[in-house]
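Read through the structure below, which is laid out as structure tokens, and then see the notes.
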Amino acid sequence: MKITLLAINAKYVHSSLAVWYLAGGIHHHDVSVTEATINQNMNDIVERVVENSPELIGISTYIWNAGKLPDFLKKLRDRLPETVIVLGGPEATHNAEHWLTAADYVLGGEAEHTFPSLIDAINKNCPEALDNIPGLCFLKDGTARTNRPAESAGEYVSPYSGEYYRELGGRIAYIETSRGCPFSCAYCLSGGSGIRFFPMDEMKKQIYKLTKSGTRTIKFVDRTFNCNAERAYAMLEYIVGLDTECCFHIEAAADLFDERTLAVLNSAPIGRIQVEIGIQSFNRKTLDIVSRKTDLKKAETNIKKLLSSQNIHVHVDLIAGLPYETLPIFEESFNRAYAIGAHTLQLGFLKLLHGSKLREQAESLGITYKKEPPYEIISSSWLDENEFGILKQTENAIQHTYNKGRFLSALEYVLDASKLQPFELFRGLGRAVFNHATPLEKYAERIYGYFSGRSNVDGNELRDRMICDLLGMTKGENMPAFLRSGGEKRKQVIITASRLLGRAIASHEASVLSSGKGVYVDSTGRDAVTGLYKLHFID
């Protein structure tokens with residue numbers, strides 16, 4: 001058969017593993033892979049698929065592309081009425097009957113092992129064989145039939161073919177060294193089925209090949225990278241010892257790090273590793289009801305140990321909208337998380353995913369949510385719509401400042417001078433200065449206006465901090481007019497800085513502070529962890 005496997009990713013920089021796994025498991029057929037993004041015109045994607053004249057199309061479904069798929073599938077069916085359409089992925093798998101109105105089959109589970117059987121049954125026109133394909137959902141005599149679930153078994157199938165490497169083109173590469181999760185968080189789909197690990201030697205070979213592929217970032221999709229301490233240590237020891245400029249991103253449970261693993265992380269070359277840690281909430285009652293098992297005190301301690309060596313970018317997640325978390329309780333979680341000092345504090349919003357326990361419990365918990373993907377929460381028994389509006393404003397403020405490495409010195413100063421708690425400051429900033437594609441120059445002016453109105457904030461000190469922040473962030477480009485310093489002093493700083501650096505610097509790369517001290521940026525000295533440029537001061 002002539003088969004096209006389609007992935008519609010969230011962004012161009014992303015790549016897909018699922019379709020390449022499927023391609024790796026199919027033999028004796030003409031298989032092509034097409035990757036697109038949700039930002040492309042759907043008609044253009046249809047044309048790309050149609051030009052292959054496929055007899056069968058397999059499409060991966062996720063919350064980021066599910067909203068686009070109904071219209072896309074209609075267009076596809078109009079152009080290719082005889083072509084078989086098969087859907088897989090979490091969106092279709094956990095809502096199969098709904099998707100059978102637009103597709104011929106929905107295939108759940110580890111489809112690299114079962115998809116070949118479906119292809120053979122279709123190719124040989126053997127409908128009786130469909131009943132024996134695990135994880136398959138299809139219409140039989142007009143009624144949806146769902147076969148027994150697919151078992152997590154079978155030999156490892158590599159997604160990394162020569163075609164994969166040719167198509168990667170420097171985008172983010174993904175690797176999966178384990179499947180499943182030992183935990184059963186009620187908002188997630190990964191837990192409950194146990195976990196299995198792929199062969200370590202094979203994984204190391206694939207990691208090495210990925211480092212030679214031209215990608216700059218390799219992300220592990222393992223749900224809890226360090227759930228097996230021995231394996232996590234061995235994998236990290238290997239990554240740390242590689243001769244590469246690639247950055248590796250892992251999702252980990254901070255409380256599961258042992259001292260040996262923390263030591264190897266702290267020995268990593270600067271910028272080699274990024275760690276994303278889901279705290280989700282500091283409210284014990286909330287964690288209990290969603291079956292989230294975390295030693296919060298140990299997690300905090302270990303995150304601070306990770307940060308101490310200043311060689312790893314650390315990202316901490318909170319989820320707004322979980323049960324039993326009122327606005328004051330969430331505020332406590334936010335302030336406690338902020339105090340840890342991670343480079344990013346992601347404020348996400350609960351999504352009620354098809355197949356999750358929390359979606360099943362939503363009505364009994366008083367949770368309402370949007371019916372279209374990504375099914376984001378609207379209100380609950382603990383937070384009303386107005387309070388979620390407040391959290392959205394707060395998220396906007398921290399996302400466009402702290403999480404982007406913007407105005408960090410100014411934030412530190414204002415929090416110290418005003419004695420405001422972090423949540424209170426970001427809540428107020430989000431309400432007063434909402435950022436929606438606002439140019440940085442204009443945003444900086446508005447931030448200064450808001451910050452300067454806080455108690456005990458000195459305008460000159462704030463101005464100096466923001467000058468330094470903008471130099472470190474953008475080398476001084478797009479500096480607002482009110483922060484620019486001119487005159488002979490600045491010219492002298494530029495001359496001195498050029499002499500000290502041994503090269504000429506641009507005029508926007510230097511400034512004069514209110515004290516008369518000069519400051520300039522070394523545009524070659526960018527920190528691999530924070531992304532900020534190094535500043536130098538001249539008396």
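Please give the helices (runs of 4 or more DSSP H) falling wholly within the range 386-489 in which 3 or more residues are under 21 Å from residue 509 (Cβ atoms) and at pLDDT 95 or above.
Values: elements: 408-418, 422-432, 440-451, 459-474.
Per the criteria, 408-418, 440-451, 459-474.
When 524, 530, 438 are screened for being surrounded by fewer than 16 Cβ atoms within 10 Å (Cβ to Cβ), within 24 Å of residue 342 (Cα to Cα) and not charged (D, E, K, R), only 530 passes.
Scanning the range 159-185 for residues that are among the basic types (Lys, Arg) and assigned to a loop (DSSP other than H, G, I, E, B) yields one hit, 171.
Condition check ((1) surrounded by fewer than 17 Cβ atoms within 10 Å (Cβ to Cβ); (2) farther than 22 Å from residue 371 by Cα; (3) aromatic (Phe, Trp, Tyr)) across all residues:
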| residue | (1), (2), (3) |
| --- | --- |
| 1 | yes, yes, no |
| 22 | no, yes, no |
| 36 | no, yes, no |
| 41 | yes, yes, no |
| 71 | yes, no, no |
| 79 | yes, yes, no |
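Taking the range 190-213, which residues are under 15 Å from residue 237 (Cβ atoms) and in contact with a strand residue (DSSP E or B) (Cβ under 9 Å, 6 or more places away or on another chain)?
Those that are under 15 Å from residue 237 (Cβ atoms) and in contact with a strand residue (DSSP E or B) (Cβ under 9 Å, 6 or more places away or on another chain): 203, 207.
In the range 344-351, the condition of being aromatic (Phe, Trp, Tyr) and closer than 30 Å to residue 446 by Cα is met by at least one residue. The residue that is surrounded by the most Cβ atoms within 10 Å (Cβ to Cβ), counting only those in the range 379-393 that are without any contact (Cβ under 8 Å) to a residue 60 or more places away in the chain and touching a helix residue (DSSP H, G or I) at 6+ places or on another chain (Cβ under 6 Å), is 393.
Counting residues in the range 58-69 that are under 24 Å from the mean Cα position of the chain (by Cα) and of a type in the set (Lys, Arg) gives one or more.
For the structure I just gave you, tell me whether residue 106 is touching a residue at least 40 places away in the same chain (Cβ under 8 Å) and of a type in the set (Val, Ile, Thr).
Considered against the rule, which asks whether it is touching a residue at least 40 places away in the same chain (Cβ under 8 Å) and of a type in the set (Val, Ile, Thr), residue 106 comes out as no.
The values are calculated or read from the model by the stated rules, or taken from the named source; none is laboratory data. Note that the coordinates shown come from a computational prediction; the quantities given were computed from them, not determined experimentally. Because the Cβ atoms are built from the backbone with ideal geometry, glycine has one as well, and the counts that use them run over all protein chains shown.
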